[in-house]
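For reference, the structure is listed below as structure tokens.
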């Protein structure tokens with residue numbers, strides 16, 4: 001547990017946070033200038049948020065913590081370690097199996113952390129009074145810059161938080177309070193000359209160090225994007241079917257990371273490296289059952305199966321063509337189009353052409369998948 005001893009109230013708060021299961025607790029002043037608001041404005045002006053229009057509509061409230069709540073004076077930043085028990089990059093070699101981002105292999109962290117935050121908030125009000133608000137990644141509060149300001153870590157060249165103690169694997173939660181608590185200051189960490197996170201990105205999503213173009217990010221493409229993933233990125237997806245950990249997993253600071261102690265954040269066996277063949281067979285009910293209490297469920301079955309089919313196309317396994325062919329009759333045009341692309345990668349030219357002639361497709365978007373240039377098939 002990361003704590004500060006400069007203020008007895010802070011010691012009590014940090015001790016209570018540790019009791020509730022948080023791994024780090026530090027404090028930031030939210031009344032000062034906020035350069036992160038300018039960086040967000042530039043990100044939006046460049047259109048790098050893609051279809052995440054909610055970032056635009058909430059931009060004013062994100063511009064500064066006090067733009068959302070004028071009464072806030074201190075941010076209590078909490079961290080929960082979700083370190084994996086194996087290197088996520090190893091799973092990329094098993095092309096007939098899907099790779100799900102580490103954070104989504106266990107229970108939904110939003111529910112776990114929000115419950116603990118509410119417990120801590122209730123204790124805070126009872127002990128010290130004052131108004132407060134709690135946040136876990138779903139409100140217009142820029143938590144990574146706040147975490148950096150509080151000293152939980154720093155935003156690396158990949159824009160994610162890097163921690164001296166936990167490497168890449170730290171979920172964040174925050175409490176804004178009216179209480180004036182002395183800030184802890186930054187951690188002083190640095191990426192130095194290292195650019196491993198930039199170099200490993202399969203889709204070149206970083207225009208420059210400390211900048212991200214979400215439109216090229218596999219996490220955005222597999223989770224946020226609602227339609228077909230642009231063809232230029234499909235091969236780079238590999239077997240990543242929900243999110244991407246490459247830039248996180250390659251960070252040298254992970255040498256200090258430890259496995260999460262919270263059992264609910266550990267990977268479920270069914271989600272460690274699930275069979276693409278089994279996943280392609282999921283109907284809506286089976287999808288909901290498999291991903292109950294998982295963040296994966298929020299993208300819905302059709303988008304998920306879209307991702308699975310791209311992974312099948314990248315697998316190099318002709319035996320998986322049968323799974324894709326069955327989905328040519330799926331009710332979802334999104335799924336049918338992805339099935340066509342998968343088959344274009346797994347079948348030889350003659351077999352693909354024969355299948356196209358035998359398929360009666362009316363949806364224009366799916367037809368366009370059949371009609372790609374021969375070099376793409």
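None of the figures in this text is laboratory data; all of them are computed from the coordinates on show. Since this is a predicted model, take the numbers as computed values, not measurements. No Cβ is skipped: glycine too gets one built from the backbone with ideal geometry, and neighbour counts run over all protein chains shown.
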* In a GNM of the chain with a 10 Å cut-off on Cα contacts, which of 48, 345, 356 has the highest mean-square fluctuation? -> 356
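Pairs of Cα atoms under 8 Å, at least six residues apart: use those to get the relative contact order of the stretch 2-129, whole percent. Don't skip to the end; give the middle numbers.
Details: 100 pairs, mean separation 35.5, N = 128.
Over the stretch 2-129, the number comes to 28 percent.
From Cα pairs below 8 angstrom and at least 6 apart in sequence, can you work out the relative contact order of the stretch 232-377, rounded to a whole percent? Show your work: numbers first, answer last.
On the way: 129 pairs, mean separation 33.1, N = 146.
Relative CO of the stretch 232-377 lands at 23 percent.
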* For 68, 354, 77, 52, what ranking results if the residue with the fewest other Cβ atoms within 10 Å of its Cβ goes first? -> 354, 52, 68, 77
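Sort 203, 258, 80 so that the residue with the fewest other Cβ atoms within 10 Å of its own Cβ comes first and the one with the most comes last.
On the way: 203 20, 258 13, 80 25.
Neighbour counts put them in this order, fewest first: 258, 203, 80.
Run the helix sum for the chain: -39,500 (n - 2.57) per DSSP H stretch of 4+ residues, divided by residue count, reported at 222 nm to the nearest 500 deg cm²/dmol. Walk me through the intermediate numbers first.
Numbers: 18 runs with 148 residues, N = 377.
-10500 deg cm²/dmol, from helical runs alone.
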* Structure fact -> Quick note, the stretch 236-295: a/c under 1.5 would make it rounded; otherwise a/b > b/c is prolate and the rest oblate (a ≥ b ≥ c, C-alpha gyration tensor); here it is oblate
* Based solely on C-alpha atoms, express the radius of gyration and the Dmax of the chain in angstrom. => 22.5, 76
* Selected from 255, 114, 91 as most flexible by GNM, with the chain as the system and alpha-carbon contacts under 10 Å -> 255
* Chain lengthening between residue 367 and residue 89 when straightened (0.36 nm per residue, less Cα-Cα) -> 96.6 nm
* Could you give the nm distance between label points at residue 60 and residue 319, where each point is 7 Å from its Cα heading toward the beta carbon? -> 5.9 nm
* Compactness of the stretch 159-318 - radius of gyration and Dmax, Cα, Å -> 18.3, 63
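Please say if the stretch 275-377 is rounded, prolate or oblate, where rounded means a/c under 1.5 for a ≥ b ≥ c the square roots of the C-alpha gyration tensor eigenvalues, and otherwise the choice is prolate for a/b larger than b/c and oblate otherwise? Provide the component values of the computation, followed by the final result.
On the way: a/c = 2.27, a/b = 1.71, b/c = 1.33.
Prolate is the answer for the stretch 275-377, as a/c is 1.5 or above and a/b outweighs b/c.
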* Asked: What base-10 log of the normalised intensity I(q)/I(0) is obtained for the stretch 71-155 from the Debye formula, alpha carbons as equal point scatterers, at q = 0.18 Å⁻¹?
  -> -0.94
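Please compute the Kirkwood hydrodynamic radius of the stretch 246-333 from all pairs of different C-alpha atoms, in Å with one decimal. Walk me through the numbers on the way to the answer.
Numbers: mean 1/r = 0.0659 Å⁻¹.
Its Kirkwood hydrodynamic radius stands at 15.2 Å.
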* Asked: In degrees between 0 and 90, to the nearest 10, how far off the longest principal axis of the chain does helix 8-19 point, with axes built from Cα atoms?
  -> 30 degrees
* Over the Cα atoms of the stretch 1-103, how large are the radius of gyration and the largest Cα-Cα distance (Dmax), in Å? -> 19.1, 55
* Quick one: Cα centre-to-centre distance for the stretch 94-124 and the stretch 219-264, in angstrom? -> 15 Å
* Structure fact -> Computed over the chain: longest principal axis from alpha-carbon atoms vs helix 300-314 long axis, angle to nearest 10 degrees, is 60 degrees
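Would you work out the relative contact order for the chain, in percent, from Cα pairs under 8 angstrom that are 6 or more residues apart? All intermediate terms of the calculation are to be shown ahead of the outcome.
Details: 681 pairs, mean separation 72.1, N = 377.
Computed over the chain, the figure is 19 percent.
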* Structure fact -> If one compares the long axis through the Cα atoms of helix 349-358 with the longest principal axis of the Cα atoms of the chain, the angle in degrees, nearest 10, works out at 80 degrees
* Structure fact -> Fewest to most Cβ atoms within 10 Å: 90, 246 sort as 90, 246
